[in-house]
Amino acid sequence: MNKSNLDGLIKRWPALPGINGKEEFFNSAVLALLLPVKGEYHFVFQKRSASIRQGGEICFPGGKFDPAKDADFKETALRETVEELGVSPDKIRVIGPLDTIISVMGTTVDAFLGVLDISSLDELNINSDEVERIFSVPVSHFENNEPELYQVSITAHPSYINQAGEEIVLFPTKELGLPERYTRPWGNIMNNIFVYRVAGEVIWGITARLIRDVIGKIKA
């Protein structure tokens with residue numbers, strides 16, 4: 001690289017860092033929605049239809065980033081919210097971004113906080129193909145109740161045994177001359193899982209992390 005090339009690179013260098021390897025993940029975006037109810041804000045949740053991915057789980061509206069439709073992740077969150085909840089885009093006010101979540105299960109979630117400008121959930125026309133039902137919970141409930149904390153073990157496996165009993169090598173550690181310890185599973189990283197039990201439902205995983213993010217910003 002010569003000096004002129006370096007000078008040009010410096011001029012167009014991004015002002016903010018990105019996420020290394022983000023394109024290798026399932027990239028999605030969600031909208032953590034607030035609804036004013038009798039002078040108090042509620043979170044709006046949806047229970048996913050049993051027939052779709054992660055059916056029966058509680059989440060905020062959102063979905064996969066589509067570069068053919070979305071200029072950025074905020075557009076993804078808005079588009080998916082409009083499709084799932086049957087609400088007009090002009091009834092949604094986006095306050096700003098939340099912290100991006102990078103899941104150990106291969107997903108990134110760019111999240112945003114928004115407010116619904118409607119009188120009640122009855123005004124929504126939910127997409128029953130994707131959403132079983134919607135409900136709201138006061139934000140104060142989460143301010144006053146810490147989530148339960150559990151952990152799962154995440155281990156890196158350089159190979160696995162298929163149904164035919166054959167070893168399938170994913171990462172050729174011997175061929176690469178890596179230390180012998182990497183020929184066996186390694187890591188055993190403990191990953192935190194937060195859980196809220198509310199309204200007869202269990203809210204966990206990424207949705208629970210987003211709730212904690214909002215509550216943390218409120219309390220800060």
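Bear in mind these aren't lab numbers, they're just calculated from the coordinates by the rules spelled out. Quick caveat, the model's predicted, so the values are computed rather than measured. Positions of Cβ are backbone-derived with ideal geometry, glycine not excepted, and every protein chain shown enters the neighbour counts.
Translational D (Stokes-Einstein, µm²/s) of the stretch 30-92 at 25 °C and 0.890 mPa s when Rh comes from the Kirkwood sum over C-alpha pairs?
On the way: Rh = 12.7 Å.
Rounded, D is 194 µm²/s.
Could you give each residue of the stretch 30-47 its phi-based ³J(HN,Hα) in whole Hz, using Karplus coefficients 6.51, -1.76, 1.60 with θ = phi - 60°, and x for Gly or Pro?
3J(HN,Hα) across the stretch 30-47, in whole Hz: 9, 10, 6, 9, 10, 10, x, 10, 6, x, 9, 7, 10, 7, 9, 10, 10, 9.
Of 85, 176, 121, which has the largest mean-square fluctuation in a 10 Å C-alpha GNM of the chain?
Answer for the Gaussian network model of the chain: 176.
Using the Karplus curve 6.51 cos²θ - 1.76 cosθ + 1.60 with θ = phi - 60°, work out ³J(HN,Hα) for each residue of the stretch 119-132 in order, rounded to whole Hz, and write x for Gly and Pro.
My calculation for the stretch 119-132 gives 7, 7, 5, 5, 7, 7, 10, 5, 7, 5, 5, 10, 10, 7 Hz in order.
Nearest 10 degrees, 0 to 90: what angle lies between the long axis of helix 205-219 and the longest principal axis of the chain (Cα atoms)?
The helix 205-219 is inclined about 60 degrees to the chain.
Give or take rounding to whole Å, what are the principal axis extents of the alpha carbon atoms in the stretch 64-166, in descending order?
The Cα atoms of the stretch 64-166 stretch 58, 41, 27 Å along their principal axes.
Are any of the pairs 74/217; 22/219; 47/91; 11/217; 47/74; 22/47 more than 26 Å apart by Cα-Cα distance, and if so, which?
22/219; 11/217; 22/47
Nearest 0.05, what FRET efficiency do residue 11 and residue 69 give at R0 = 35 Å with Cβ-Cβ as r?
Approximately 0.65, to the nearest 0.05.
In degrees between 0 and 90, to the nearest 10, how far off the longest principal axis of the chain does helix 73-85 point, with axes built from Cα atoms?
Computed tilt is about 50 degrees.
Collect residues whose amide H, placed 1.01 Å from N in the peptide plane, falls under 5 Å from the amide H of residue 132; neighbours closer than 5 in sequence don't count.
47, 48, 49
Per residue and in cubic angstrom, what volume does the convex hull of the Cα atoms of the stretch 147-220 have?
Taking the convex hull of the Cα positions in the stretch 147-220, it is 151 Å³ per residue.
At q = 0.10, 0.11, 0.16, 0.17 Å⁻¹, what is the base-10 log of I(q)/I(0) for the chain according to the Debye formula with one equal point scatterer per Cα and no solvent? Please give it to two decimals.
The Cα Debye sum returns log10 ratios of -0.59, -0.69, -1.13, -1.22.
Loop-only GluC sites (Glu not before Pro) in the stretch 133-202, please: DSSP not H, G, I, E or B, and at most 14 other Cβ atoms within 10 Å.
For GluC sites (Glu not before Pro) across the stretch 133-202 that sit outside H, G, I, E and B with at most 14 neighbouring Cβ atoms in 10 Å, the list reads 166, 175.
So which lysines pass the test for residue 38, namely a Cα distance under 16 Å, with those fewer than 8 places away in the same chain ruled out?
Excluding near neighbours in sequence, the set is empty.
Measure out, as a whole number of angstrom, how far apart the alpha-carbon centroids of the stretch 122-162 and the stretch 30-109 sit.
12
Once phi is turned into θ = phi - 60°, what whole-Hz ³J(HN,Hα) does the Karplus curve with 6.51, -1.76 and 1.60 give for every residue of the stretch 87-95, x standing for Gly and Pro?
These are the phi-based 3J(HN,Hα) values: 10, 6, x, 6, 9, 10, 10, 7, 7 Hz.
Efficiency by 1/(1 + (r/R0)^6): what FRET value for residue 150 and residue 26, r their Cβ-Cβ distance, R0 = 22 Å, to the nearest 0.05?
E(calc), rounded to 0.05, equals 0.40.
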